[in-house]
Every structure is written in C-alpha cells, then in structure tokens.
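Chemist: The structure is given below, and queries will be raised subsequently.
Values quoted throughout were computed directly from the atomic coordinates according to the rules given, and no laboratory measurement underlies them. Here the structure is a predicted model, which means the values were calculated and not measured. Please note: Cβ atoms are built from the backbone with ideal geometry, for glycine as well, and neighbour counts cover all protein chains shown.
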Amino acid sequence: MKALIILNDPPYGTERSFNGLRMAKALSSGAEVTVFLMADAVSCARSGQSVPQGYYNLELMVNAAMRKGEVLLCGTCMDARGLQDEDVVEGARRSTMKELAAKTLEADKLLVF
C-alpha cells in the first residue's frame, strides 16, 4: 500500500505537522509512505533545529520518516520562505506540484494535516 501525507502547518506553534509525522512513522511499518511538506511545513525539514529539552524536534521526526519512506518539499514554498536546498536535512528533497500530483494519483491513501 502507498500512503501520501501532506503537511501544511509550521513545525512549531500547532501540533498538526507533529501529528502528521507521527502518523507517517506509524504507517511505515505496513506501507510505502511519502510525506510532502507544503507552505510553512517546509520548515519542518530545516536542519540544525534547536528546541528546549523535553520538547519534540521536527527535524528528528523528518529523519525518522525518511528511514522507511521519502520526504519531499514544495520548491515554490521553499523559495517563498528563503529556504535553500542546503538548509534541509540530508535525504529530504525539493519537489514540484507536478510530482505531488503524480504521487497523489499513485497513492492508495491520502492524509492531509
């Protein structure tokens, strides 16, 4: 089974992206999972995040999602936020709406957070 999870919210301030990445991890045991980061969610993949002790770290969660799946970032959204390819965690990559459309058509399940 192929699952596509689309995240829109920033890494911190709401828990939608946190919960979307938790779902990606949970699904990865039985599905091929693609996480697509759009809008403010592209910052979830920013490398070098520093958070208070005991607080969740979205960079680590993105890395966990990539162990058994892939993480794609909307290139237009990256550009609008000044996020360069070298600013994101290794393994996550710039993508396009065309690729998102293809992944959507291939997916058996689609979840949007």
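Chemist: Per residue, how big is the convex hull around the C-alpha atoms of the chain? Give it to me in cubic angstrom, could you?
Modeler: 88 Å³
Chemist: If a cysteine in the chain has no other Cys Cβ under 4.7 Å from its own Cβ, put it on the list, ordered by number.
Modeler: Unpaired cysteines in the chain: Cys44.
Chemist: Same structure again: Can you run phi through the Karplus equation (6.51, -1.76, 1.60; θ = phi - 60°) for the stretch 2-15 and list ³J(HN,Hα) in whole Hz, with x for Gly and Pro?
Modeler: In residue order, the calculated couplings are 10, 10, 10, 10, 10, 10, 10, 7, x, x, 9, x, 10, 10 Hz.
Chemist: Moving to a separate point now. Give the peptides 46-54, 2-10 in descending order of average Cβ contacts within 10 Å, highest first.
Modeler: 2-10, 46-54
Chemist: In addition: Quick check on the exposure proxy: order Ser95, Ser17 from fewest to most C-beta atoms within 10 angstrom.
Modeler: Lowest count first: Ser95, Ser17.
Chemist: While we're on this one: Can you show me the helix-derived [θ] at 222 nm for the chain, built from DSSP H runs with n ≥ 4 at -39,500 (n - 2.57) apiece and divided by the number of residues, rounded to the nearest 500.
Modeler: My calculation for the chain gives -9500 deg cm²/dmol from helical runs alone.
Chemist: Hey, another quick one. Give a residue-ordered list of calculated ³J(HN,Hα) values for the stretch 99-113 (Karplus: 6.51 cos²θ - 1.76 cosθ + 1.60, θ = phi - 60°; whole Hz; x for Gly, Pro).
Modeler: Once θ is set to phi - 60°, the couplings for the stretch 99-113 become 5, 4, 4, 5, 5, 5, 5, 7, 6, 7, 9, 10, 10, 10, 10 Hz.
Chemist: Express the relative contact order of the chain as a whole percentage, based on alpha carbon pairs under 8 Å and six or more residues apart in sequence.
Modeler: Here the relative contact order equals 36 percent.
Chemist: In whole Hz, what ³J(HN,Hα) sequence does the stretch 55-72 give by Karplus (6.51, -1.76, 1.60; θ = phi - 60°), x for Gly and Pro?
Modeler: For the stretch 55-72, the Karplus curve yields 9, 5, 10, 5, 4, 5, 5, 5, 4, 5, 5, 7, 4, 10, x, 9, 10, 10 Hz.
Chemist: Just want the ordering: Val33, Val112, Val89, from fewest to most Cβ atoms lying within 10 Å of their own Cβ.
Modeler: Val112, Val89, Val33
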